[in-house]
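> Sharing a structure with you now.
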4 protein chains.
Amino acid sequence: MSETKKDSRQMILDAALSLFSQKGFSGTTTKEIAKEAGFAEGTVFRYFPTKKDILIALAEPHAVAGLKRVMNSLPNQDEESNLRAILENRLVTIAQNKDLLKVIFTEAQYHEDFRKEVFDNIGTHVLGTVAGYMEKRMETGIFRSIDPIVATRILVGMMLSLLVTENFLPMKDFDQEKRQGYLDEIVHIFLYGLTKR
Amino acid sequence: MSETKKDSRQMILDAALSLFSQKGFSGTTTKEIAKEAGFAEGTVFRYFPTKKDILIALAEPHAVAGLKRVMNSLPNQDEESNLRAILENRLVTIAQNKDLLKVIFTEAQYHEDFRKEVFDNIGTHVLGTVAGYMEKRMETGIFRSIDPIVATRILVGMMLSLLVTENFLPMKDFDQEKRQGYLDEIVHIFLYGLTKR
Amino acid sequence: MSETKKDSRQMILDAALSLFSQKGFSGTTTKEIAKEAGFAEGTVFRYFPTKKDILIALAEPHAVAGLKRVMNSLPNQDEESNLRAILENRLVTIAQNKDLLKVIFTEAQYHEDFRKEVFDNIGTHVLGTVAGYMEKRMETGIFRSIDPIVATRILVGMMLSLLVTENFLPMKDFDQEKRQGYLDEIVHIFLYGLTKR
Amino acid sequence: MSETKKDSRQMILDAALSLFSQKGFSGTTTKEIAKEAGFAEGTVFRYFPTKKDILIALAEPHAVAGLKRVMNSLPNQDEESNLRAILENRLVTIAQNKDLLKVIFTEAQYHEDFRKEVFDNIGTHVLGTVAGYMEKRMETGIFRSIDPIVATRILVGMMLSLLVTENFLPMKDFDQEKRQGYLDEIVHIFLYGLTKR
DNA sequence: TATGAATGAGGGTTCATTCAT
DNA sequence: AATGAATGAACCCTCATTCAT
């Protein structure tokens, strides 16, 4: 009973995520979602009173939990030499949630309430966690002392460039190997810059 | 005649850009565009056969010319010590075209034809230009030798973080002064990394 | 078995009557009816093949029997001096069935079949009964001789004004006492008119 | 320009009135209204943002003006012997607006806001006017002294009985002549009651 | 007998687009 | 060139009804 219910709800969410990330929120029809999920249109509304509620459900703590959990483990790594592995790991995780992130970021621009809902989760929490990590390094003297939030945002921006690379401006022959190289460079530049020492 | 025509067309484009960046493409009504531009509903369609054509026109060569022109002047700068000032300058310019960029990046995800139009312009061209600049530095030995395209993308990502900061995850009290600090750090990290030398 | 069945059926009818009178026929959902009756959605349709059948059932003979029975006893009263008490009594009874009457009158306008069903019951029967009473008074010389049906309808109209008062155009401070006064006046005017004798 | 616009709006109102009175408010489709008015469905919404707004427009001062104007002239009549003619006249007017009244009364039951909207017009105003007339007669000693509002409501109820006769419980062979007789009796009973003097 | 998940036709509403003026 | 009334397809959503359990 609860089994079936959860399944249906989840199937709709899966279908919606897939379609939203392909065609955007307003570009996706509730009818399409239903069809993709294998239901009749009306069924969608048994589980979500509103189309927008599907979007919100996609971004709810539950859905973002994965991202958060991953980020939480960050500060446990101590050795500076491990930063690369960590970031790599994170980026892979992010890449796996690429569709979700894409939808969330796109729609967050236009729905004020949605933006708040989401960024009380990702925003404050995740950024805060990473910033705490930064701060610790600065206290230790490993990093220069700058606004840890700024440092965090810049690092996130570098990660973003990878998403951009994979979604907007694809690079030719961007295989797994090149991807590794890309990650290496992000870490390297973040730590040591592009200039020769 | 051609004068008036161009004006009307441009007024519609301006109105559309403003509205698209606020409410997204599908969130904006042709009626709203007409009103914002000071015309009646039907008039819009004298200049653009389709709503989508307005979007495409926004990404047309001469519309993006400003961005391109700015980027073009990059390689003319020789002294490494000037990079900071240059990038700063670029970032400010980009920020001024924030609306256009926002619209282009957001909508490019969902309109295949649009994506092509745009990335034959900005994408290839701009990235290529900056990459050429990177390459030169690497040959000179100022920068380490890495894939110049990767370096470029990472730098762009760092710039993106600023857009994100201003659009999605606003920082408290992010005044003009803090903004300058932010830019400084982007440059600094890109050149020297976050670690102490 | 028949016991339980009747109960369920009646519970649904009761729920429907209550909801119909509050929100109208089309304004009421079968789901709401089910919930109000304490059943699940589908159960309603075990007793009534159609939503409309609930409405029709509300007007069925034994549902309206109460009203009819009350009216039937009218002619047994002989003394003219008792008319007031009688009418008063009737009006109170009618007021108690206000919900049913309201639903019937409202919906009868729009459902042909329903209208027939109802007015072969209340209409003809009740009006006829009261008209018979009128006729008797006229023969006795107590009432002037006019079309007894017309007299009946006018009396009913006066009663209606009370329903209107309570449903559409509420009077301020219309407490029980004022209500009595209102009834008194209906009787008085019907018997003696508003002019001074 | 203004000519056409007004026409379209009015045609939609006419169509809506006709359909609402036949099938009720919720029983009528915006598509039907459009078709009946000779337009496409979307056109309806150029003139009325909402289906409900059509209903409200039907009841707006404009539409009720006729009734009000007629009622306003009531107190100018002095001779008691004229009451009959006056009422007759009113009833005819009401009969002409039968469709409108039917819709208004039916829907007023279920839409609180609508009820208020309407009865600030008809209710207070019209009833008040007639009540004023009653009061004057009572002061003059022609009528007994009772609550003039109650007297008014009862009179209105008697009028209502005619509407009921024509809409719910039709009388056989109810021709124009019989109608006259009916009106005569309303007046007579209201003034002198049904009992013999 | 009772459930409640699923259905899908149909309703109100929006809006890009057309066209007579 | 400009208007804005008109269009109608398509959208989101509701709800009476069905049916497997």
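> So is C:D53 within 13 Å of DNA strand F (Cβ to nearest atom) and under 20 Å from the mean Cα position of the chain (by Cα) or not?
The answer is yes for C:D53.
> State all residues of the stretch A:148-158 that are more than 7 Å from every other protein chain (Cβ to nearest Cβ) and of a type outside the set (V, I, T); if no residue qualifies, say none.
A:P148, A:L155
> While we're looking at this one, here's another question. Is it true that some residue in the stretch A:69-84 is more than 16 Å from DNA strand E (Cβ to nearest atom) and modelled with pLDDT of 65 or more?
yes
> Sticking with this structure for a sec: Within the stretch A:32-50, which residues are part of a helix (DSSP H, G or I) and either more than 6 Å from DNA strand F (Cβ to nearest atom) or buried (at least 19 other Cβ atoms within 10 Å of the Cβ) (or both)?
A:E32, A:I33, A:A34, A:K35, A:E36, A:A37, A:T43, A:V44, A:R46, A:Y47
> Quick check: anything in the stretch A:144-158 in contact (Cβ under 8 Å) with a residue 24 or more places away in the chain and touching a Gly at 6+ places or on another chain (Cβ under 8 Å)?
Scanning the stretch A:144-158 turns up at least one residue that is in contact (Cβ under 8 Å) with a residue 24 or more places away in the chain and touching a Gly at 6+ places or on another chain (Cβ under 8 Å).
> Only one of B:T129, B:T124, B:T140 is at the interface with chain A (Cβ under 9 Å from one of its Cβ atoms), among the β-branched types (V, I, T) and surrounded by fewer than 19 Cβ atoms within 10 Å (Cβ to Cβ). Can you tell me which?
Being at the interface with chain A (Cβ under 9 Å from one of its Cβ atoms), among the β-branched types (V, I, T) and surrounded by fewer than 19 Cβ atoms within 10 Å (Cβ to Cβ) holds for just one of B:T129, B:T124, B:T140, which is B:T124.
> D:Y110 versus (1) touching a Lys or Arg at 6+ places or on another chain (Cβ under 7 Å); (2) of a type outside the set (D, E, K, R); (3) at pLDDT 85 or above; (4) more than 28 Å from D:R179 (Cα to Cα): which is the lone unmet condition?
Failing condition for D:Y110: (3).
> A follow-up question, please. Report, by residue number, each residue of the stretch B:101-121 that is polar (S, T, N, Q) and either assigned to a loop (DSSP other than H, G, I, E, B) or within 9 Å of chain A (Cβ to nearest Cβ) (or both).
If the condition is that a residue be polar (S, T, N, Q) and either assigned to a loop (DSSP other than H, G, I, E, B) or within 9 Å of chain A (Cβ to nearest Cβ) (or both), then B:T106, B:Q109 are the ones that fit.
> What are the pairs with Cβ atoms under 9 angstrom where one residue, in the stretch D:45-56, is touching a residue at least 24 places away in the same chain (Cβ under 8 Å) and farther than 18 Å from D:S26 by Cβ and the other, located anywhere, is away from DNA strand F (no atom under 12 Å from the Cβ) and in a helix (DSSP H, G or I)? Sequence gap at least six, or different chains.
Close Cβ pairs (under 9 Å, with a partner that is away from DNA strand F (no atom under 12 Å from the Cβ) and in a helix (DSSP H, G or I)) amount to D:Y47/D:L13; D:Y47/D:D53; D:Y47/D:I54; D:Y47/D:A57.
> Is it the case that some residue within the stretch A:85-100 is facing chain B (nearest Cβ under 9 Å) and crowded, with 19+ Cβ neighbours inside 10 Å?
No - not one qualifying residue is present in the stretch A:85-100.
> Kindly check whether there is at least one residue in the stretch D:140-163 that is assigned to a helix (DSSP H, G or I) and at pLDDT below 80.
Yes, some residue in the stretch D:140-163 is assigned to a helix (DSSP H, G or I) and at pLDDT below 80.
> Next question, about the same structure. What is the residue count in the stretch B:17-55 for residues that are more than 9 Å from DNA strand E (Cβ to nearest atom) and charged (D, E, K, R)?
3
> Next up: Within the stretch A:171-194, is there a residue that is facing chain B (nearest Cβ under 7 Å), assigned to a loop (DSSP other than H, G, I, E, B) and buried (at least 17 other Cβ atoms within 10 Å of the Cβ)?
yes
> Failed condition for A:T28, given (1) modelled with pLDDT of 80 or more; (2) more than 8 Å from DNA strand F (Cβ to nearest atom); (3) surrounded by 13 or more Cβ atoms within 10 Å (Cβ to Cβ), with all others met?
Every listed condition holds for A:T28 apart from (2).
The values are calculated or read from the model by the stated rules, or taken from the named source; none is laboratory data. The model shown is predicted, which means the values in this text are computed figures rather than measured ones. We place every Cβ from the backbone using ideal geometry, glycine too, and count neighbours over all the protein chains shown.
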